[in-house]
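No lab work stands behind these numbers, since they all come straight from the coordinates. Source: prediction; values computed, not measured. Ideal geometry is used to build each Cβ from the backbone, glycine not excepted, and the neighbour counts take in all protein chains shown.
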Amino acid sequence: MYSQHGHALTIIDLPGAYSLAARAPDEAVMRDVLLGRRADTPQPDRIVCIVDACNLERHLYQVHQVMDLGRPVILVLNMMDMAEAQGVKIHVARLEKILGIPVIPCEAINGRGLIELKLAMSRQDLPLPKHRWDVPAAIAAAVSELQASLVDNDGKASLIARAEALLLLTDHDSVRVSGSTPLHARTAEILENWKQRWKQAGTDWASMLVKTRFEETGRLCKEVVERGAPPRKRWNSDKLDAFLTHNVWGWSVFALIMGLLFYSIFSLAEYPMNLIDGLVASAADAVKGAMAEGDLRDLITDGAIAGVGGVVIFLPQILILFFFIGLLESSGYMARAAVLMDRLMAHVGLSGRAFIPLLSSYACAIPGIMATRSMDDRKDRITTILVAPLMSCSARLPVYLLMIAAMVPSDTVPATTKALIMLVMYALGTIGALFFAWLFKRSILKGAPSLMIMEMPAYQLPSLGTIARQMGERAWAFLYQAGTVILALSVILWALATYPKSPEGTSSSEALRHSAAGQIGQVLEPAIKPLGFDWQIGIGLVSSFAAREVFVSTMGVVFNTQDDDEDTTKLRDALRQATWPDKRPLFTPLVCFNLMVYYVFAMQCISTLAVTYRETKSWRWPAFQAAYMTGTAWLLCFLIYQVGSRFL
């Protein structure tokens, strides 16, 4: 972002919280950046606090703490329109005068107040907060001693040292994250000595400090906030909450939303998918018409274009998934679903807070795992991280769709049939995640479920512009991956499937078996043959470790379905016609179903393992995650194939 004077501004978006006293890792990041504790992030020279105008008193506690830091602060009162609808009137000018900082009323969803915010952020003469408050006399001496220690030992500025001294005296300021500067030994000694003295005297120093600050913010709100009679709309909102979290009707609405989501993925995406399919085929035909026959042309058409095109064709369905998730989040329904799921999560040992990271994992496990930073309990957090990849992410969609097309005899699979089979796959992943969460919470991560306290956001019309922007970002990320990782892997797979070349006159299947890719698959075949998979499928399983969706392009290369055909149904037909050496069909409905089950449970994403390591700070958990997921996938597929082949 650039200021009004043309100077570049670096904006650090920190996690939200109600206090600087960290209870979870994401709150610890926010606290440590503001206090200058992190060596990898500079301390900001100005702070923008965005609060919900409907609940000003609740949010002013943290703003009060931030003002203690002695840095320029800008207070943004967001959702002013909703506050007015609830009968809440805030005297902005009076609040600005009392605090001595810019206070900007804002309606971000409508764009109101954004220009004023940008101008305030650009100011070079932002004033320092002038609001001061008195520390309780019983702990004032301790604050002064800690403040002096932080100034002398850590080189802190006086005001920041005072703010950190106050924070150290709360019971909850105990979470530390990687990159955070540890406390100086002398400061820690002073803190512990004072705590021991207060404990002997029976002084509840933390509660005293918190209570005094709340009393101060309460007095402030009485001066600037007026509340009218509760409007009728609020009563309707409560009735809607009761309906959406009802034991029967709430689950019915949730099931209806999920069913609509899966049906839309197929019915609405058909036309843009056909358009992309035609563009990919036209690109391949253009290259074939412009180049002479040979390995280079095959590399471009069969390796690059076909490999990337075979994955990009599923972009519309992935975007529909993200569109629905955006609607649920921005409308306020997501929090109600979390409350609904809290009852179910309690049975497996987790709270409803785990629901949002797990739901995010339907799109991608990586942001889902990162979202666990908001969870207070460490054991709950690790449990959620371990099971999050079981939720069927968008990268599995291309695999499911290809297998559904191959397993259903009809050339045109009805959208309802696709949606039903897809719903079964998503249900399997969800049930598996809940089962393993239950198992882990009663064994290796044993502990009581934590209570869920969640602020219910007001219902609001979704911001289609924001959702469209998020979809654009996801589309770019997907296309970037397709143009880099998947393109590179497609070229590598084409080379492995082409070289070393077989003698002239060798059939295509024998040439593939003789190639480097074929030899890799044959080494793997003894381990996967009991699942109904052969060496050709094995090549796809190996390639999926980089990205699950690469399986589709791998099958296109393995079965050589790019020649003289403008319809991706050729890959489907090739799978249906594939056979074992004894001429038995390879991709039977049982094998197609089994392959989908394998992709539900197996850990086939190196990026997810890397994020698990980063979030847990140990290789033990990603190693365990890969072992239990892949082991479960193999065992389930073994049972399904061995039992199913005897009856089907």
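So what's the angle, to the nearest 10 degrees on a 0 to 90 scale, between helix 415-441 and the longest Cα principal axis of the chain?
50 degrees
Any idea what the dipole of the chain comes to, in debye rounded to 20, about its Cα centre with Lys/Arg Cβ at +1 and Asp/Glu Cβ at -1?
Value, rounded to 20: 1880 debye.
Ignoring everything except DSSP H segments at least 4 long, calculate the 222 nm mean residue ellipticity for the chain; use -39,500 (n - 2.57) per segment, divide by total residues, nearest 500.
Estimated from H runs of four or more residues: -19500 deg cm²/dmol.
Amide H of Gly100: which non-local residues (sequence gap of 5 or more, or other chain) have their own amide H closer than 5 Å, using H built in the peptide plane?
Counting only residues 5 or more places away or on other chains, the set is Lys130.
Straight-line reach from Lys501: which lysines have Cα under 29 Å away, leaving out those fewer than 8 places along the same chain?
Counting by Cα, and skipping residues close in sequence, Lys501 has these lysines nearby: Lys288, Lys529, Lys570, Lys583.
Roughly what angle does helix 249-267 make with the longest principal axis of the chain, taking Cα atoms, 0 to 90 degrees, to the nearest 10?
50 degrees
Can you work out the base-10 log of I(q)/I(0) for the stretch 525-609 at q = 0.15, 0.17, 0.23 1/Å, using the Debye formula on its C-alpha atoms alone?
The Cα Debye sum returns log10 ratios of -0.57, -0.73, -1.25.
Tell me, Cys49, Cys605 in order of fewest to most beta-carbon neighbours within 10 Å?
Listing Cys49, Cys605 from fewest to most nearby Cβ atoms yields Cys49, Cys605.
In square nanometres, what is one fourth of the surface area of the convex hull spanned by the alpha carbons of the chain?
Value for the chain: 34.5 nm².
Tell me the relative contact order for the chain as a rounded percent, counting alpha carbon contacts under 8 Å between residues six or more apart.
12 percent
Which value, in debye to the nearest 20, describes the size of the charge dipole of the stretch 253-441 about its Cα centre when Lys and Arg Cβ atoms bear +1, Asp and Glu Cβ atoms bear -1, and nothing else is charged?
920 debye
Give the residue from Tyr271, Thr579, Ala388 lying farthest towards the positive end of the charge dipole for the chain; charges sit on Cβ (+1 for Lys and Arg, -1 for Asp and Glu) and the dipole is referred to the Cα centre.
Toward the positive end, the furthest listed residue is Ala388.
Taking Rh as the Kirkwood radius, which is the inverse of the mean 1/r over Cα pairs, what is the Rg/Rh value for the stretch 253-441?
Ratio of gyration radius to Kirkwood radius for the stretch 253-441: 1.07.
Please express the shape of the stretch 1-229 as an equivalent ellipsoid: the semi-axes are the square roots of 5 times the eigenvalues of the C-alpha gyration tensor, given largest first in whole angstrom.
Here the semi-axes work out to 31, 22, 15 Å.
Ordered by packing density, taken as the mean number of other Cβ atoms within 10 Å over each peptide's residues, highest first, how do 358-369, 388-399, 524-535 rank?
388-399, 358-369, 524-535
May I ask for the angle, rounded to the nearest 10°, between helix 158-168 and the longest principal axis of the chain, with both axes built from Cα atoms and the value confined to 0 to 90°?
Around 70 degrees separate the two axes.
Which percentage, to the nearest 5, of the DSSP beta bridges contained in the stretch 1-229 is antiparallel?
Around 40 percent of the beta bridges assigned by DSSP in the stretch 1-229 are antiparallel ones.
Can you tell me the relative contact order of the stretch 470-647? Whole percent, Cα pairs under 8 Å, sequence separation 6 or more.
For the stretch 470-647, the relative contact order is 18 percent.
With just the Cα atoms of the stretch 266-349, tell me how far they stretch along each of the three principal axes, in Å, largest first.
Per principal axis, max minus min of the Cα coordinates gives 64, 28, 18 Å.
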